[in-house]
Structure formats: structure tokens, C-alpha cells
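To keep things clear, I will list the structure first and then write my remarks on it.
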Amino acid sequence: MSARAHTRRDPADQAKPAGIEIQLPWWAIALPAIAFAALLLLILNPADAHAASSEPAVSDLLERVRDLLRIAA
């Protein structure tokens, strides 16, 4: 029984790094971005903010971001 002889590869092929290319489908980027925007808009909705009696700095900052989003849209 004879064994197959291993053939040597071209040295030029061995010098090239084996790169793996990963491509995401469009929805893998779009869906998380849409979900983030929806959650951000839910947080910025002032109609549900009944607990705060005074305006803290974070609330003021979020209100300004909401106003900027209205201008951009």
C-alpha cells in the first residue's frame, strides 16, 4: 500500500496572511440603531416624568438633546 506524497505549496502563497472577511447584512446594523433611537426617544419623553420636582442637570441635558433631535428631523 503506497501513501500519497505531500505536495509542497508555493512559498508565495504561504507568505500571504489568511485574512477572514466578515460582512454584516444591512439589518444587523439598522435594527440595533433603530432600537437605540426608539429607547432614547422613550427616555426623552417629558410626559412620563412626574417624579422629579426640581430640574436636575441630567434632565436639562436630555431636554436639550431632544430639542436638537427635533431640529435635525
| request: Identify, by number, the condition in (1) at pLDDT below 80; (2) assigned to a loop (DSSP other than H, G, I, E, B) that residue 23 doesn't meet. | output: (1)
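Table: residues versus (1) modelled with pLDDT under 70; (2) loosely packed, with under 10 Cβ neighbours inside 10 Å.
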{"site": "36", "(1), (2)": "no, no"}
{"site": "41", "(1), (2)": "no, no"}
{"site": "47", "(1), (2)": "yes, yes"}
{"site": "54", "(1), (2)": "yes, yes"}
{"site": "57", "(1), (2)": "no, yes"}
{"site": "63", "(1), (2)": "no, no"}
{"site": "67", "(1), (2)": "no, no"}
{"site": "70", "(1), (2)": "no, yes"}
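The values are calculated or read from the model by the stated rules, or taken from the named source; none is laboratory data. Small disclaimer: the values here were computed from a predicted structure and weren't measured. Heads up, the Cβs are rebuilt from the backbone with ideal geometry, glycines too, and the neighbour counts pull from every protein chain shown.
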